[in-house]
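The values are calculated or read from the model by the stated rules, or taken from the named source; none is laboratory data. Being a predicted model, the structure only gives us computed values, none of them experimental. Here the Cβ is made from the backbone with ideal geometry for all residues, glycine too, and neighbour counts use every protein chain on show. Each accessible area value is taken on the protein alone, full model and side chains, heavy atoms only, with ligands, DNA and RNA left out. Shrake-Rupley method; radii C 1.70, N 1.55, O 1.52, S 1.80 Å.
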Amino acid sequence: MTSSAERVYIYGRLRGLTRRRLEALTAAAGLALTRASAAADAIVVCHAPSARVLCDDGELRLGLRLKPGARLASEGAFRRRLGLEAAPAPGGPYSEDQMIRHAGLSRAQLGALALFDVVAPVDGRYAYADLVAARAVGQLLSSGARLQRIVAAALELERRGERLSSVRLAEAPWGAVLQVVEGALADMDGQLLLPLEGSDLDADGAFALAEAAEREGDLASARRWYELAVRLDPTDPILPFNLGNVLDELGLAREAEFAYRRAIARATDMADAWFNLGVLQEKTGREAEALGSYERAFAIDPTYADALHNAALLHMRSGRFTAAAGLLEQIGAASPADATEIRRLAHLCRVAATNDGRPG
């Protein structure tokens, strides 16, 4: 998607990634994040909630200032660039022109489906599943359904582990795009009902309102919006994670811990949630539990300097200087910029361990 040293602007929200994790992965991939769209070489169009800017003709209304030559890239392509998803299989038998002809779509509409990962071309070639999905989109469009609602439905199916090519969708009389089950639309209480982008507030909308309130310092409102987002989306670990941060700032330690544990239940490999849980446990005097949480964080991410540092301090506080030295040396290997000071502190720990006759 991009080459080394290119600058990337994220439009929308990447589910499941904290800012720290995103920055680390981007740097490891040789890319640089920017908050200025006009400075970006590539604009990553995220699934959430970017489908709202999609017009029926396939054009996007991003409302961004772009520099000449800037490219749009899908969230899937970006995740593959970061090593979060496997590379797609080799391209299929269908060309772009064949897809357009058989599905009854315009070039812009087909491009929009690729941008939102509804279809996945490889080197300009499409698989049979892509053709089936594109045909389903074409049929829904011809029946009067909105493209942004169709794409939102396809993305929700993907989050459930399915593809548009494997199910049947239809437009409801009120404009929603729903799954067809045994010849009938799923009712409002059915498990298969798709919570689609539309006029009603969804998890992404609640998340955006929560972030805005948090930036403005209105933590009470941020808490309410994050709690709503957590209820609306039962899978994304970032929602309870951010809720935990707000609850912690509000001084609600017990509620914050529950939110962090909820995030971990959704993603056991979420190092940032383990770290924040450890900080909370340490603040409330539960140092043994905090140490365990820090250890989980750097077991998941061995370069997590803050988790290593906090664990080392806990070891030092308890006189376990050899253990502390080992963690400090691990920080030095992961953070060359701080290596000199870290090595000095690790040396002092080893001297202390020797002088006290402690094994560490």
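Using the Karplus equation 6.51 cos²θ - 1.76 cosθ + 1.60 (θ = phi - 60°), what ³J(HN,Hα) coupling, rounded to whole Hz, does each residue of segment 70-80 give in order, writing x for Gly and Pro?
With the stated coefficients, segment 70-80 comes to 5, 10, 9, 10, 7, 4, x, 5, 5, 4, 5 Hz.
If the chain between Val351 and Arg159 were fully stretched, how many nm would it gain, using 0.36 nm times the residue separation less the Cα-Cα distance? Let's see the in-between values first.
Details: separation 192, 0.36 × 192 = 69.12 nm, distance 5.29 nm.
Roughly 63.8 nm would be gained on extension.
Counting only protein heavy atoms, what percent of the accessible surface of segment 209-360 is carbon or sulfur at a 1.4 Å probe? Intermediate results must be reported in sequence, preceding the final value.
Details: 4010 of 7560 Å².
Solvent-exposed carbon and sulfur of segment 209-360 make up 53 percent of the total.
Can you tell me the FRET efficiency between Arg261 and Ser143 if r is taken as the Cβ-Cβ distance and R0 is 56 Å, rounded to the nearest 0.05?
Values: r = 45 Å, r/R0 = 0.80.
It comes out at approximately 0.80.
Mind giving me the FRET efficiency for Asp269 and Arg107? R0 is 41 Å, r the Cβ-Cβ distance, nearest 0.05 is fine.
Working: r = 40 Å, r/R0 = 0.97.
That gives a FRET efficiency of 0.55.
Evaluate the distance, in nm, between pseudo-label points positioned 7 Å from the Cα of Ala87 and of Asp57 along their respective Cα→Cβ axes.
It works out to 3.8 nm between the two label points.
Tell me, in nm to one decimal, what length is gained between Ala27 and Glu96 on full extension, where the rule is 0.36 nm per residue of separation less the Cα-Cα distance? Display every interim value, and only then the final one.
On the way: separation 69, 0.36 × 69 = 24.84 nm, distance 3.37 nm.
Gain on stretching Ala27 to Glu96: 21.5 nm.
Hey, what's segment 222-360 come to in accessible area per residue, 1.4 Å probe, Å²?
Details: 6770 Å² over 139 residues.
Heavy-atom accessible area per residue stands at 49 Å².
How much length is gained if the chain between Leu66 and Ala288 is pulled fully straight, taking 0.36 nm per residue apart and subtracting their Cα-Cα distance, in nm to one decimal?
On the way: separation 222, 0.36 × 222 = 79.92 nm, distance 5.05 nm.
Between Leu66 and Ala288, full extension yields an extra 74.9 nm.
With a cap of 15 neighbouring Cβ atoms within 10 Å, and only residues DSSP puts in a loop, list the chymotrypsin sites (Phe, Trp or Tyr not before Pro) found in segment 1-92.
On the way: sites: Tyr9, Tyr11, Phe78; in loops: none.
In loop regions of segment 1-92 (DSSP not H, G, I, E or B), there are no sparsely surrounded chymotrypsin sites (Phe, Trp or Tyr not before Pro).
Sorted by average packing, counted as other Cβ atoms within 10 angstrom per residue and highest first, what order do 103-112, 236-245 take?
Details: 103-112: 19.2, 236-245: 24.8.
Going by the mean number of other Cβ atoms within 10 Å, highest first, we get 236-245, 103-112.
If you count only protein heavy atoms with a 1.4 Å probe, what accessible area per residue comes out for segment 20-63, rounded to a whole Å²? Display every interim value, and only then the final one.
Numbers: 1790 Å² over 44 residues.
I get 41 Å² per residue for segment 20-63.
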